[in-house]
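To keep things clear, I will list the structure first and then write my remarks on it.
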Amino acid sequence: VPGYASSSLYRESGIISARQLALLQRMLPRLRLEQLFRCEWLQQRLARGLALGREEVRQILLCAAQDDDGWCSELGDRVNLAVPQSMIDWVLLPVYGWWESLLDQAIPGWRLSLVELETQSRQLRVKSEFWSRVAELEPEQAREELARVAKC
């Protein structure tokens with residue numbers, strides 16, 4: 001049955017106990033259970049390794065009892081930001097992930113700009129070398145060299 005394949009992932013990771021899973025399978029229609037396993041809230045708990053407690057299972061059952069199709073969006077956690085680990089898990093890591101995603105988008109543009117700047121730098125070095133050699137030449141030789149360059 002679709003949806004139940006992911007239940008083993010949650011059970012093996014310790015997010016949902018076997019008793020909780022059996023209760024959810026008994027109490028929720030199959031569609032609601034599938035929605036729960038695809039729910040972003042439960043995915044975040046899996047990513048953070050946060051097991052469901054009695055209160056969270058109760059919250060799931062109460063929200064799933066509503067007729068609203070967006071019932072999963074009402075699921076949430078009470079987060080105490082005074083606890084350093086909660087601050088890391090719920091604020092700092094998501095902000096860092098968002099910041100990294102912005103960098104991932106910007107890096108190709110930066111690389112292109114770097115290539116352009118390196119090209120301009122090489123061109124300026126060549127021009128500098130040329131004009132320093134011109135300055136070292138006698139005026140007559142300089143005129144001859146410039147005339148030769150103009151012909152090219």
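Just so it is clear, none of the values below were taken in a lab; they were calculated from the coordinates. On a predicted model such as this, the values are computed, not experimentally measured, just so you know. Cβ placement follows ideal geometry from the backbone for every residue including glycine, while neighbour counts extend to all protein chains displayed.
Annotations
- Exactly one residue among 104, 89, 67 is of a type in the set (D, E, K, R), part of a helix (DSSP H, G or I) and more than 18 Å from residue 44 (Cα to Cα), and that residue is 104.
- Boolean, residue 41 is part of a helix (DSSP H, G or I), within 15 Å of residue 7 (Cα to Cα) and out of contact with any Asp or Glu (no Cβ under 7 Å at 6 or more places or on another chain): yes
- Selection count where residues are outside any helix (DSSP H, G or I) and without any contact (Cβ under 8 Å) to a residue 12 or more places away in the chain, scope the stretch 4-28: 0
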